[in-house]
Amino acid sequence: MARELPIGEYVSDGVDFLLDHAQGLFDGIAAGIEFVSGNLTDLLQATPIWAVFAVLAGLGLWRVGWRFALFVLVALYVILGMDLWEQTMDTLGLVLAATLVALGIGLPSGVAMAKSDIVAAVVRPVLDFMQTLPAFVYLIPAVLFFGLGEVPGTIATVIFSMPPAVRLMNLGIRHVPVENVEAGRAFGCNGAQLLFKVELPLAMPSIMAGVNQTIMLALSMVVIASMIGAGGLGNTVLTGIQRLDVGLGFEGGLGVVILAIILDRLTQSFGSRSTADSPLSRLKSLFSRGSEESSKG
Amino acid sequence: MDSKLAVQGVYKVFGGDPREALERIKRGEDKDTIFAETGLTVGVADASFSVEEGEVFVVMGLSGSGKSTMVRMLNRLIEPSAGSITLNGRDITRMSRKELIAVRRRSISMVFQSFALMPHQTVLQNTAFGLNVSGMKREEREKRAMEALDAVGLKANADSYPDELSGGMKQRVGLARALATDPEILLMDEAFSALDPLIRTEMQDELLRLQSEQARTVVFITHDLDEAMRVGDRIAIMEGGRVVQIGTPDEIVRAPANDYVRSFFRGVDVSHVFTAGDIARRDQLTVVERSGMRLRAALSRLDQSGRQVAVVNDRARVLQGVVTVDSIAQQLESSVGGKDGDIESAFIDDPPILASTPLTDIMTRVAESPWPVPVVDDEGHYVGAISRATLLLTLDRQDPEASEEEASHGA
């Protein structure tokens, strides 16, 4: 019996059409993504382990506090001890690449949404789609367009993790107090000055919350992305599931959680107002009130 | 061309095509009818006024009267729907975007009710904001910002962040930011309304002090009559988008244009608007022309008028002194054999009040004096006298029509 609305057929027809006629476009996108994520992953793999320890712990000490820095050292040692270092760096590379691409597209889109109600009306349902459509549904076309491997994994992750960056950028700019915007205009800001000298700085906490959410969503996507060959910790988890190996699955999961905590605390710290402090004064206050610093991982 | 800033027939209609609303306004329909029938909101209707160089021009009205819309049209934060606004003879409403930005950077700056400081910048950076936007080199702009901060007494806080300052200090920064660009016109939109009363008075004094050092052209928006009276050289009162009266503070207090204007004065302290000369009355004291008047004659004059006190003037109405029944009687008693003397001998020590003294400063004096206190002008001419009753009546000044209304409602 013919259905009245064969939407599924339309979609697969559309995908076929794109496959036949727009392969060049997809190859271009794939090359771009490959470049970003490939280089990032290579870089992370090539970085000596001690340097990763030092950089992450150093950032933790500067932005959050000594207790968090200690946590970072212990957590990274755990990953090393589980012999998951390579997978973790793969995942970190994937997450960072996806985040970079998501922010590169998402933040300007958020600005456009904030500036134009029409753009906002068009983009909002697209975001709803991206956020709520079950990830498996777009894994299939992603494989069709880009094949298996890191690239479709990154793209699926980008789609899934971009919406909060767009939404929170839009929200942040729209919530800049009217009088601050008026002050900017009254003192003679042109459009770009208004954006960069008034709106973006005042929206910064909201923007950083968006960045943080994007990273978190990207991390939560890695397991699913590994099903199409994205590799990394997701692969470990997936292997654990396939072999019913609870221990292996848990190890992979623990790696994801550790990465999540480190990235979350670091990005959150950039959203707070203390960004105005210089690193030096930050360091000073660290020693003077080290006991008050809350850095519980 | 004489005026610094001239506003001619300016309208603002919000929501959709303003033409229909403009026509209806011209036909004399009011704001509410227009909104009900067309959905258009009339913000400002046919506003005209001019602001002279160096004066503080206050635009006063209740919320919804269009005063904030009015001030935002002066630098086109809100685009006027019709009319012209000329600054130094140039029509702001016809300027291109580029020219407008230049005017905002150089000629007109603004102080906001909620301060509108940038939280991520230091006090110094905030103060230099306008100069920064116009592309001035860092060193130069920070030097000028520092001067502006010095002028409002906040030099020491240059490196603080806004959230470390109190409300009054924040608005000083707002003021410094506006002054740093050395504008020709300063727009102040309810600039002190968010401050508590004590700080507000302090800021008003600060503004008056700055004006006394360097008189700028200021357009000051407020809903507070006391504030308008204190800082304003002239006041425009807005009601429902229209300017209903323009005048100096005492012109408006003495001859309010309508009930709306009058309603502002209910419960308002008029003591710093009126001066002693305004309320001094001629019929309070017996007047004695001095020449040749002897004590006994003066006494009989007082007896006839049934009063206790008389002022003594010379022929040119210059006040010579004050005598009372008691002081004359005492003088007569103490003189040898009850001999009649000159009236000067009975003068009591009761210096007159200058006519230009504000009421605030004479209250104690009048309240403590057992008789009406004489008032003289700058040349010493007798103007009249103020009794306790007169003073109380003035301070308790109620709109007579309103009291009648209330009385008839009560009946």
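For the stretch B:18-86 and the stretch B:317-375, write down the distance between their C-alpha centroids in whole Å. Each part reduced to its Cα centre gives a spacing of 56 Å. Springs between Cα atoms under 10 Å define the GNM used for chain A, and in it the highest mean-square fluctuation of A:Asp128, A:Asp13, A:Asp42 occurs at A:Asp13. Roughly what percent of Cα-Cα pairs across the stretch B:329-377 reach past 12 Å? Tail fraction, whole percent: 70. Near B:Ile199: Cβ cut-off under 13 Å, other residues only, Lys/Arg at +1 and Asp/Glu at -1. The net charge is -2. Toward the positive end of the charge dipole of the stretch B:1-155, about the Cα centre and with charges on Cβ (Lys, Arg +1; Asp, Glu -1), which of B:Leu149, B:Thr122, B:Val71 goes farthest? Of the candidates, B:Thr122 comes out farthest on the positive side. Between the amide H of B:Val59 and those of B:Phe220, B:Ile221, B:Thr222, B:Ala236, distances stay under 5 Å, these residues lying 5 or more places away or on another chain, with hydrogens modeled in the peptide plane. When the alpha carbon gyration tensor of the protein assembly as shown is reduced to an equivalent ellipsoid, the three semi-axes, largest first, read 78, 31, 21 Å. Here is the P(r) of the stretch A:151-255: all C-alpha pair distances, binned every 5 Å from 0, give 2, 13, 16, 14, 11, 10, 8, 8, 6, 5, 4, 2, 1, 0 in whole percents. Screening chain A for DSSP H helices whose Cα atoms reach 30 Å or more along their own axis and whose mean Kyte hydropathy is at least -1.0 gives A:23-46, A:85-115, A:150-174, A:200-226, A:246-271.
Distance from the C-alpha centroid of the stretch A:148-208 to that of the stretch B:111-143: 22 Å, rounded to the whole angstrom. Surface composition of chain B: carbon plus sulfur atoms contribute 48% of the solvent-accessible area (1.4 Å probe, protein chains only, all chains present).
Per residue of chain A, the DSSP helices (runs of n ≥ 4 H) give a summed -39500 (n - 2.57) that works out to -27000 deg cm²/dmol at 222 nm.
Taken about its Cα centre, the stretch A:110-217 carries a charge dipole of about 100 debye when Lys and Arg each add +1 at the Cβ and Asp and Glu each add -1 at the Cβ.
Sorted largest first by accessible area at a 1.4 angstrom probe radius, with every protein chain in place, the residues A:Trp62, A:Trp85, A:Trp50 fall in the order A:Trp50, A:Trp62, A:Trp85. Across the stretch B:72-156, counting alpha-carbon atoms alone, Rg and Dmax equal 15.0, 46 Å.
Looking at chain B, which longest stretch skips every one of the trypsin sites (Lys or Arg not before Pro) that is in a DSSP loop with at most 10 other Cβ atoms within 10 Å, leaving the sites themselves out? Longest site-free region, per DSSP loop and neighbour criteria: B:138-314. I'd like the carbon and sulfur percentage of the solvent accessible area for chain A, probe radius 1.4 Å, heavy atoms only, ligands and nucleic acids excluded. Heavy-atom surface of chain A belonging to carbon and sulfur, 1.4 Å probe: 69 percent.
Ordering A:Met130, B:Leu198, B:Ala385 by Cα displacement along the dipole of the protein assembly as shown toward the positive end leaves A:Met130 in first place; charges were set at the Cβ atoms of Lys, Arg (+1) and Asp, Glu (-1). Placing unit charges on the Cβ atoms only, positive for Lys and Arg and negative for Asp and Glu, gives chain A a dipole magnitude near 1320 debye about its Cα centre. Taking every alpha-carbon pair in the stretch A:90-228 and binning the separations at 10 Å intervals from zero gives 13, 38, 28, 14, 6, 1 percent.
Just report the Cα centroid separation between the stretch A:1-28 and the stretch B:201-228, whole Å. So the two Cα centres are separated by 69 Å.
Projected label points at B:Ser300 and B:Asp342, each 7 Å from Cα along the beta carbon direction, are separated by 2.2 nanometres. Working note: Debye formula, equal point scatterers on the alpha-carbon atoms of the stretch A:1-93, no solvent; log10 I(q)/I(0) at q = 0.15 Å⁻¹ is -0.72. Classify the stretch B:4-160 from the C-alpha gyration tensor, please: rounded if a/c falls under 1.5, else prolate or oblate depending on whether a/b exceeds b/c. Prolate, because a/c is 1.5 or more and a/b exceeds b/c.
Projecting the Cα atoms of B:Ile353, B:Thr222, B:Leu40 onto the charge dipole of chain B (Cβ charges, centred on the Cα centre) puts B:Leu40 farthest toward the positive pole. Dipole size of the protein assembly as shown about its Cα centre, with +1 on Lys/Arg Cβ and -1 on Asp/Glu Cβ: approximately 1080 debye, rounded to the nearest 20.
With helices as the sole contributors, chain B gives -11000 deg cm²/dmol at 222 nm; each DSSP H run of n ≥ 4 counts as -39500 (n - 2.57), and the sum is divided by every residue.
Remark: mean inter-chain Cβ contacts per residue of B:115-126 equal 4, using a 10 Å Cβ-Cβ cutoff to other protein chain atoms. Expressed to the nearest 5 percent, the antiparallel share of DSSP beta bridges inside the protein assembly as shown is 60 percent.
Gyration tensor analysis over the Cα atoms of chain A returns equivalent ellipsoid semi-axes of 34, 31, 15 Å (largest first, whole Å).
Accessible area of B:His120 (1.4 Å probe, protein heavy atoms only, ligands and nucleic acids ignored): about 60 Å². Counting only GluC sites (Glu not before Pro) that DSSP places in a loop and that have at most 15 other Cβ atoms within 10 Å, the longest clean stretch of chain A runs over A:5-291. Only beta bridges with both residues in chain B are counted; by DSSP, about 60 percent of them are antiparallel. Scanning chain A for trypsin sites (Lys or Arg not before Pro) that sit in a DSSP loop and have at most 11 other Cβ atoms within 10 Å, the longest stretch containing none of them is A:4-242.
The values are calculated or read from the model by the stated rules, or taken from the named source; none is laboratory data. Source: prediction; values computed, not measured. Cβ coordinates were reconstructed from backbone atoms using ideal geometry, including for glycine residues, and neighbour counts include every protein chain displayed. When the accessible area is computed, the model is the full protein with side chains, heavy atoms only, and any ligands, DNA or RNA have been set aside. Shrake-Rupley method; radii C 1.70, N 1.55, O 1.52, S 1.80 Å.
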